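The structure appears below as structure tokens.
The values are calculated or read from the model by the stated rules, or taken from the named source; none is laboratory data. As the structure is a prediction and not an experimental result, all values here were calculated from the model. Cβ coordinates were reconstructed from backbone atoms using ideal geometry, including for glycine residues, and neighbour counts include every protein chain displayed.
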């Protein structure tokens, strides 16, 4: 009997603990956001911009209407007014949001909110209007820092950044801003997803929320339940232009170092590694001996850059950088950019079937290197070449490089390998982006010296039981690795004629 009583008491104690734990957890979710909103609203501002639009030098011709049409007089008056040289310039205004991060008057907003503005006005929660100046802006992350001067040295209400890396999908969030120019508006929702890439820039890592975000909310803060800024509301996905529950915010972990740079230097100072990287596919990972496709594959290394000095080579797969795992290729640029200039960072690369530890002194990415990285390739339309040799089963043909081909395809004297002269439409080579004028530099990480050498290496990979063959390709887009599946069905040759592009 005593044993039964002890068992019952133990069970009751366990149930009591579970109830207390559930009650404590329930208290984490507020019954209302009123107190939190009242505390945060004064630090959120409206950002109004004015832009002067000059009259165009040449107006389009007035549309033709039937004689006597009521539209004729209307459009004639409009075109006469717009076309007059003495007509004063028009002024266009736009509205956005922002938030104060310092009592002396520093305001964070989106760069696109204040882009091309002639005048910027910040409207405080109490309707005080203050002229603002731009401290700095960063188009790549769409962030800008403004400065206002409070009257009589008044200290402004402000908010602080939180740790967005700790935010979890499903957490409550508040968005405060100026939707459609309506003034301080509070909406609530949850964090719907993390690390969204919406092709807005090279460092995309957006937080997604279902809190209502509309036009005019841009630049406003996203708060966690503690009242900390964990994101800057920037974009929405909407076929109609209104909120459908898919909004995106720049995470605080990305914004904080950018804002700090803008405040101190007036511009961003980003780390630079000096490599051109690409994603790993299953075929490339298999050729390199990797068990999965995690990491960033180094396609080329900038001569004299930090990576070259550290011993990083083309063909290496960067697995870790400065203590952070590179789970996918697009994480590396952001991690490098956020690394302090001149810091000696540890790098783990996969090379020749094993991990290699290196140390690299991070450089600074300047405008010249950013411009080089942003260059777009120019299209080539090379004609057919006599003496070309088809690569069996892969859907393209190559030829030895001679002076005539160097001139035709604009290849420098330093380029070595064999040049692609024809790519069969619908082939595996075409699917992987090979084009006439590309140069095959290596096959299976061995240098290619002739078309026969290329064919022999492909055949050796096939006989060795490889499912694909790894090639290093040089083009006007730079160096990149391409894995082509072996024995994939290919279209019939087209007689050697170059495909139209």
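Report whether or not residue 230 is at pLDDT 90 or above and in contact with a strand residue (DSSP E or B) (Cβ under 7 Å, 6 or more places away or on another chain). Yes. Residue under question is residue 290, and the condition is that it be modelled with pLDDT under 90 and over 22 Å from residue 205 (Cα atoms); does it hold? Considered against the rule, which asks whether it is modelled with pLDDT under 90 and over 22 Å from residue 205 (Cα atoms), residue 290 comes out as yes.
Which residues, taken from the stretch 304-352, are in a helix (DSSP H, G or I) and out of contact with any strand residue (DSSP E or B) (no Cβ under 9 Å at 6 or more places or on another chain)? Scanning the stretch 304-352 gives a single hit, 334. Scanning the stretch 109-119 for residues that are assigned to a strand (DSSP E or B) and either free of Cβ contacts under 8 Å to residues at least 12 places away in the same chain or more than 20 Å from residue 223 (Cα to Cα) (or both) gives a single hit, 119.
Only residues that are closer than 24 Å to residue 260 by Cβ and either loosely packed, with under 14 Cβ neighbours inside 10 Å or in contact with a helix residue (DSSP H, G or I) (Cβ under 8 Å, 6 or more places away or on another chain) (or both) were counted in the stretch 175-196, giving 1. Suppose the filter is under 14 Å from residue 287 (Cβ atoms), outside the structural domain of residue 279 (by TED's automatic domain parsing) and at pLDDT below 85; does residue 477 pass it? Criteria not met by residue 477.
Reported count of residues in the stretch 211-237, each being assigned to a loop (DSSP other than H, G, I, E, B) and under 30 Å from residue 93 (Cβ atoms), is 11.
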